[in-house]
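The next block holds one structure in the form of structure tokens; read it before the comments.
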Amino acid sequence: MSEPKTLFNISASPHVRDSLTVKRIMWEVNLALAPATLFSCWWFGFAAIKTYLICIFACVLTEWIIQKARGVAITVDDGSAFLTGLLLAMNIPPEIPWYMPVVGSIAAIGIAKHTMGGLGHNIFNPALIGRAFLLASWPIAMTTWSEMSSVVDGVTRATPLGILKLHGYDQVVSTFGNTATMYKDLFFGFRNGSMGETSVLLLLLGGLFLIWRGHINWQVPTVMIATVGVVTWIFGGTAGLFSGDWLFHILSGGLFLGAFFMATDMVTIPITVRGQMVFAFGCGLIVALIRLKGGYPEGVCYSILLMNACAPLIDRVIRPKKYGAGGK
Amino acid sequence: MAKTFLGGVHPPEQKITAKQPVELIELPDKFYYSTRMHIGAPCEPTVKVGDLVKKGQIIAATEAFVSANIHASTSGKVTAIESFAHPVFGTCQTVIVEADQADEWLVGLPLSEPRDWQALSPAEITAIIRSAGIVGMGGATFPTHVKTTVPPGKSIEYFVLNGAECEPYLTSDHRLMLGEPEKIIRGMQIGMKAVGATKGLIGIERNKPDAIAALAKAATGTGIEIVPLKVKYPQGAEKTLIQVVTGKEVPSGGLPSDAGVLVQNVATAAAVNDAVIEGIPLIERYATVSGGAVKEPKNVVVRTGMLFSHIFDQCGGFTEEPRKILLGGPMMGIAQQTIDVPVIKGTSGILALTAAETCEQAERSCIRCGKCVIACPMGLIPSILSVLGERGDFQTAKEEYNLLDCVECGSCVYVCPAKRNIVQYVRLQKHLNIQQATRATQARQ
């Protein structure tokens with residue numbers, strides 16, 4: 001009888017595993033955001049680069065300090081704190097004073113993520129909590145946009161949705177010159193707004209990459225964007241029902257950023273695909289409601305946060321179809 | 001479009017031995033017959049130290065219904081009856097036989113005249129199966145005569161043979177289907193007669209077109225239908241197989257017979273044929289010896305009582321230190337502490353996996369990605385079962401998350417990017433549940 005030279009591993013089955021890791025998912029999501037990030041660095045210039053670096057650095061450092069202090073494993077290399085920093089930066093104006101993103105990062109990682117127990121345990125999307133925290137703390141700075149040349153006034157400091165809220169739809173169109181230019185500029189990202197939200201094209205590319213890699217599904221972004229489109233088409237016009245400019249609504253604000261990268265944040269949304277579709281529908285509905293009836297020009301951030309709060313409830317009600325349930 | 005089910009995963013198939021015909025291997029000097037090669041009551045040795053035994057002779061038996069006789073798989077002398085390593089139960093009472101290398105059959109075996117199975121009654125068929133010690137050879141080792149004894153009030157309509165062989169690496173059923181298709185079909189017909197089934201279906205994954213063709217040819221004129229299945233794990237798990245080939249579902253907490261279905265492995269059908277036609281008990285079977293650490297992976301005929309170490313030696317030994325030794329496939333097989341464990345009746349595969357193949361990584365927090373929910377063929381939420389398992393909250397898992405419906409196929413663990421040991425948590429909770437039930441019973445007494 002030959003005795004084994006080394007001890008065998010006798011852990012439970014299965015004994016083979018897929019090579020996909022949490023770390024790889026997170027870094028691939030970061031990669032998917034790269035095109036839109038690089039575009040915004042070019043479009044908004046040095047201020048944007050600075051704000052990105054501050055957010056990412058502050059988020060990663062906050063996570064490192066908290067994990068060090070708690071005496072738990074340091075997992076900053078998993079890319080999730082980096083992703084939170086990146087997403088937070090994409091959701092704020094580029095020319096914000098430097099200390100505000102630092103506070104936002106601490107709120108995102110410290111409060112939204114680690115008070116709940118860290119990665120996988122948070123109820124709310126950390127980056128959006130960071131943004132909401134900043135919007136509540138410094139409302140003026142958070143809505144002071146870059147100076148941009150405009151067809152009408154020569155210079156503007158407003159976002160298209162801001163102009164819509166204050167001056168109406170015709171003013172938005174005249175800012176861009178005509179509707180064709182408006183759609184084109186919105187699609188490519190040549191407009192004012194939060195740093196990472198402007199280029200619909202590049203966000204869409206990143207989102208399609210994630211769908212192809214299997215990290216997000218197509219249902220969530222599709223349902224959320226379609227809901228916004230349908231509701232704004234029906235109720236968004238001035239000439240009665242079904243006169244709204246749905247295309248303007250889905251191309252503006254942070255809808256693509258939210259629908260592809262934050263309403264798909266696996267930690268904070270329902271776990272079944274059917275539940276996720278209900279979640280996405282709710283997000284779209286709230287976005288449209290805030291934009292059309294609310295005090296804020298834009299509602300993507302709050303819509304996702306509100307639906308994050310509903311996710312456990314949705315999971316309780318909507319369950320996978322169980323094998324054998326149809327039997328006696 | 002091949003038939004399939006919701007969920008499942010597709011691990012690399014690794015069927016490296018698919019083209020290799022089965023080989024006979026040398027007999028070792030000693031055989032180690034565990035008295036428990038099945039699910040159910042252990043057998044008691046019917047021989048004593050010093051006895052001479054012949055091939056095919058019963059050496060351990062019991063009156064208990066849910067059990068299966070143990071037969072010697074070669075001739076020799078009983079040298080010891082003692083506790084020895086067992087691949088499933090850790091240790092087990094074992095009859096150790098020193099082989100005389102003459103390999104002599106018990107007088108009268110195999111039968112000189114093939115038995116006419118069509119003249120046998122269902123009860124007679126079941127009696128032969130029981131006497132031959134036949135158990136489910138896919139790995140579960142549930143005694144076959146218990147399955148063919150249909151309880152009063154139930155009837156079996158579908159007789160389903162499992163030729164899916166959805167576990168990676170394993171090719172023993174594939175080679176059996178190619179080599180002995182007539183035996184499988186006849187064994188199935190005998191089984192159908194025993195339970196009065198009217199419909200016979202054989203599910204085979206589409207990656208074995210030669211096996212599908214071989215069985216279709218052998219089944220000509222019998223009314224037995226071959227159902228090609230999509231290549232996906234766990235296509236061959238009992239409940240999913242039933243769903244796919246018959247369109248029926250086994251009710252939650254129920255048995256296949258509740259849906260009027262009996263499922264048997266193709267190797268079991270061949271063993272039934274051998275027992276009924278030739279009188280040969282279950283003492284040998286096809287097994288795949290494979291894995292990255294095995295020098296010459298092959299399909300071999302193994303006999304019960306042979307040690308894994310002997311079989312590895314017959315396959316050229318190891319090329320590198322194995323990380324895991326498995327009885328069965330990599331998805332549901334059982335990891336061994338030593339290579340000196342004996343072959344039992346459910347040994348469909350003997351694998352030696354390298355560290356690279358097992359891809360072990362530290363467990364992290366669940367990020368609720370939902371991949372396990374999509375993979376689960378039973379429609380459960382494995383991520384929540386794992387979190388409840390961490391807390392030891394088996395009550396909630398049982399009552400709200402259908403813990404007891406989990407078949408432990410491992411699909412969820414395979415896809416989990418956080419490398420969570422979900423199946424282990426499920427087993428822990430099932431164990432806690434049984435413990436509590438036992439305590440409750442004791443308290444009442």
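Table for the structure above
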| quantity | calculated |
| --- | --- |
| Among residues of the range B:329-345, those that are more than 7 Å from chain A (Cβ to nearest Cβ) and out of contact with any Pro (no Cβ under 9 Å at 6 or more places or on another chain), counted | 1 |
| Matching residues in the range B:1-39 - criterion: being closer than 20 Å to B:VAL343 by Cβ, within 11 Å of chain A (Cβ to nearest Cβ) and surrounded by 17 or more Cβ atoms within 10 Å (Cβ to Cβ) | B:PRO28, B:LYS30, B:TYR32 |
| Residue that is nearest to the other protein chains (Cβ to nearest Cβ) [pool: residues in the range B:390-403 that are of a type outside the set (Asp, Glu) and exposed (fewer than 14 other Cβ atoms within 10 Å of the Cβ)] | B:ARG391 |
| Filter result for A:THR21 (surrounded by 17 or more Cβ atoms within 10 Å (Cβ to Cβ), over 16 Å from the mean Cα position of the chain (by Cα) and within 12 Å of chain B (Cβ to nearest Cβ)) | yes |
| Qualifying positions in the range B:140-167 - assigned to a loop (DSSP other than H, G, I, E, B) and buried (at least 24 other Cβ atoms within 10 Å of the Cβ) | B:ALA164, B:GLU165, B:CYS166, B:GLU167 |
| Hey, A:VAL60 of a type outside the set (Gly, Ala, Ser) and without any contact (Cβ under 8 Å) to a residue 60 or more places away in the chain or not | yes |
| Matching residues, the range A:300-316, being in contact (Cβ under 8 Å) with a residue 12 or more places away in the chain and either over 24 Å from A:PHE261 (Cβ atoms) or touching a Gly at 6+ places or on another chain (Cβ under 8 Å) (or both) | A:VAL300, A:CYS301, A:SER303, A:ILE304, A:LEU306, A:MET307, A:CYS310, A:ALA311, A:ILE314, A:ASP315 |
| Selection within the range A:115-132 - more than 13 Å from every other protein chain (Cβ to nearest Cβ) and farther than 22 Å from A:VAL300 by Cα | A:THR115 |
| Residue satisfying condition, being farther than 22 Å from A:VAL273 by Cβ, assigned to a helix (DSSP H, G or I), touching a helix residue (DSSP H, G or I) at 6+ places or on another chain (Cβ under 9 Å) and within 11 Å of chain A (Cβ to nearest Cβ), within set B:VAL387, B:VAL423, B:VAL413 | B:VAL423 |
| Tally, over the range A:258-282, of residues that are in a loop (DSSP other than H, G, I, E, B) and either over 20 Å from A:HIS114 (Cα atoms) or free of Cβ contacts under 8 Å to residues at least 60 places away in the same chain (or both) | 6 |
| Verdict on A:LEU88 being under 24 Å from A:GLY214 (Cβ atoms), at pLDDT 95 or above and surrounded by 23 or more Cβ atoms within 10 Å (Cβ to Cβ) | no |
| Residue check, A:VAL231 touching a residue at least 60 places away in the same chain (Cβ under 8 Å), within 14 Å of another protein chain (Cβ to nearest Cβ) and surrounded by 19 or more Cβ atoms within 10 Å (Cβ to Cβ) | no |
| Residue under evaluation A:VAL16, criteria (1) farther than 19 Å from A:LEU257 by Cβ; (2) β-branched (Val, Ile, Thr); (3) more than 8 Å from chain B (Cβ to nearest Cβ), criterion not met | (3) |
| Meets criteria (at the interface with another protein chain (Cβ under 10 Å from one of its Cβ atoms), within 20 Å of B:PRO28 (Cβ to Cβ) and either basic (Lys, Arg) or surrounded by 24 or more Cβ atoms within 10 Å (Cβ to Cβ) (or both)) for B:ILE325 | yes |
| Qualifying residue in the range B:288-310 (condition: closer than 21 Å to B:ALA237 by Cβ, away from chain A (no Cβ under 14 Å) and touching a Lys or Arg at 6+ places or on another chain (Cβ under 9 Å)) | yes |
| B:ILE224 over 20 Å from the mean Cα position of the chain (by Cα) and more than 27 Å from B:GLY410 (Cα to Cα) | yes |
| Identity of the residue in the range B:361-384, of a type in the set (D, E, K, R) and facing another protein chain (nearest Cβ under 7 Å), that ends up surrounded by the most Cβ atoms within 10 Å (Cβ to Cβ) | B:ARG368 |
| Residue within the range A:36-55 that is assigned to a loop (DSSP other than H, G, I, E, B), among the small types (Gly, Ala, Ser) and within 14 Å of chain B (Cβ to nearest Cβ) present | no |
| Criterion violated by B:THR141 - all others in (1) at pLDDT 95 or above; (2) of a type outside the set (Gly, Ala, Ser); (3) within 20 Å of the chain's Cα centre (by Cα); (4) under 23 Å from B:ILE128 (Cβ atoms) satisfied | (1) |
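Residue by residue, here is whether (1) crowded, with 20+ Cβ neighbours inside 10 Å; (2) at pLDDT 95 or above; (3) within 23 Å of A:GLY120 (Cβ to Cβ) holds:
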{"residue": "A:GLY236", "(1), (2), (3)": "yes, no, no"}
{"residue": "A:GLY240", "(1), (2), (3)": "no, no, no"}
{"residue": "A:GLY258", "(1), (2), (3)": "yes, yes, yes"}
{"residue": "A:ARG274", "(1), (2), (3)": "no, yes, yes"}
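The values are calculated or read from the model by the stated rules, or taken from the named source; none is laboratory data. What you see is a predicted model; the values in this text were computed from it and never measured. Virtual Cβ from ideal backbone geometry, glycine too; neighbours counted across all protein chains shown.
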